[in-house]
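*Asks:* Following this message is one structure expressed as structure tokens.
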Amino acid sequence: MKLLLDSTLCQGYGLCQEHAPELVELDEWGYADVIAVSVPPAAEDEARACVASCPNSALRLER
């Protein structure tokens, strides 16, 4: 499973990083700094919460 970011949709709320700090880093302006990250099986629940928390649907999970 991979966590993917559409950076054109990110508005810099930072909610994703709160739910999955091990998967998402924020840049100096508070925007998610993820392009494609492999999600370890132990972090799948956090990744789902991360995706669900994004108000602009900038993140998605892909197999």
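*Asks:* Of the conditions (1) in contact with a strand residue (DSSP E or B) (Cβ under 6 Å, 6 or more places away or on another chain); (2) surrounded by fewer than 12 Cβ atoms within 10 Å (Cβ to Cβ); (3) of a type outside the set (Ser, Thr, Tyr), Leu23 clears all except one; give me its number.
*Replies:* (2) is the only condition that Leu23 fails.
*Asks:* Anything in segment 26-52 that is open to solvent by 60 Å² or more (accessible area, probe 1.4 Å), within 23 Å of Arg63 (Cβ to Cβ) and at pLDDT 90 or above? List them, or say none.
*Replies:* Ser38, Pro40, Pro41, Ala42, Asp45, Glu46, Arg48, Ala52
*Asks:* Shifting gears a bit: What about Gly14, is it exposed (fewer than 14 other Cβ atoms within 10 Å of the Cβ), of a type outside the set (Phe, Trp, Tyr) and on the phi > 0 side of the Ramachandran plot?
*Replies:* The answer is no for Gly14.
*Asks:* Going by the conditions given, is Leu59 touching a strand residue (DSSP E or B) at 6+ places or on another chain (Cβ under 9 Å) and open to solvent by less than 40 Å² (accessible area, probe 1.4 Å)?
*Replies:* yes
*Asks:* Of the conditions (1) part of a loop (DSSP other than H, G, I, E, B); (2) touching a Ser or Thr at 6+ places or on another chain (Cβ under 7 Å), Cys16 satisfies every one except a single condition; which number is it?
*Replies:* All conditions are met except number (1).
The values are calculated or read from the model by the stated rules, or taken from the named source; none is laboratory data. Here the structure is a predicted model, which is why all the values come from computation and not from measurement. Methodologically, a virtual Cβ is constructed for each residue, glycine included, from the backbone with ideal geometry; neighbour enumeration extends over all protein chains shown. Ligands, DNA and RNA are excluded from the accessible area calculation, which covers all protein heavy atoms including side chains. Shrake-Rupley method; radii C 1.70, N 1.55, O 1.52, S 1.80 Å.
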